[in-house]
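Step one of this worksheet: look at the structure below.
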Amino acid sequence: MTKRITAIVGDFYHDEALARESLEKAFGAAASSGEWTLDFTGTDRILQVLEEGPAVIVLFKENRLNPQDEQVDMWMDGAVSAAIERYVQGGGAWLAWHAGLASYAEDSEYIRMLRG
């Protein structure tokens, strides 16, 4: 049975194309074995992806959507944070890679889950 890895990568400070290339190289051997697939998605689909239940989700994206603006918007709200925690508690694997640790609310379920 093929296992799916879903990645959310790229933000203002981290080039999406470079992050994709890095992950594709890192998972290349596993993907070529046919045991794993790697796909990419955006934060706008995170709740749907969590419902689909891939084996692993990789997050390489900070929380801030527009970090240089006066009014900064965040993509992860309380509902998304709680859904991520439920996914992990239910056996899903979550890799918070570099930017996946940046600018998230310190009191969120997400940060408590990461112990960060």
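About the Cα centre of the range 13-68, how large is the charge dipole given +1 on each Lys and Arg Cβ and -1 on each Asp and Glu Cβ? Please answer in debye to the nearest 20. Intermediate values should be presented prior to the final figure.
Details: 5 positive and 10 negative charges, 30 e Å.
Its charge dipole is roughly 140 debye.
The calculated 222 nm mean residue ellipticity attributable to helices in the chain amounts to -9500 deg cm²/dmol, summing -39500 (n - 2.57) over DSSP H runs of n ≥ 4 and dividing by all residues. Peptides 92-105, 70-83 ranked from most to least packed give 92-105, 70-83, packing being the mean of other C-beta atoms within 10 angstrom over each peptide's residues.
State to the nearest 20 debye the size of the charge dipole of the range 11-104 about its Cα centre, where the only charges are +1 on K and R beta carbons and -1 on D and E beta carbons.
On the way: 6 positive and 16 negative charges, 63 e Å.
Here the range 11-104 has a charge dipole of around 300 debye.
Suppose a student asked you for the relative contact order of the range 50-116, using Cα pairs under 8 Å spaced at least 6 residues apart; what percent would you report?
Numbers: 77 pairs, mean separation 28.7, N = 67.
Relative contact order for the range 50-116 comes out at 43 percent.
Using a probe of 1.4 angstrom and keeping all protein chains present, the accessible surface of the range 1-59 works out to 57 square angstrom per residue.
Between A55, A29, A19, the residue with the greatest mean-square fluctuation in the GNM of the chain (Cα pairs under 10 Å linked by springs) is A29. In order along the range 6-20, the phi-based Karplus estimate (6.51 cos²θ - 1.76 cosθ + 1.60, θ = phi - 60°) of 3J(HN,Hα) comes to 10, 10, 10, 9, x, 7, 4, 9, 10, 4, 4, 4, 5, 5, 4 Hz; Gly and Pro are listed as x. Amide H of F40 versus every other amide H placed in the peptide plane: which residues, excluding those fewer than 5 positions away on the same chain, fall under 5 Å? For F40, whose amide H was placed from the backbone, the distant partners under 5 Å are A7.
The values are calculated or read from the model by the stated rules, or taken from the named source; none is laboratory data. All values reported here derive from a predicted model rather than from experimental measurement. A quick note on method: Cβ atoms are made from the backbone with ideal geometry, for glycine too, and the neighbour counts reach across all protein chains shown. Surface areas here come from the heavy atoms of the whole protein model, side chains and all, with no ligands, DNA or RNA. Shrake-Rupley method; radii C 1.70, N 1.55, O 1.52, S 1.80 Å.
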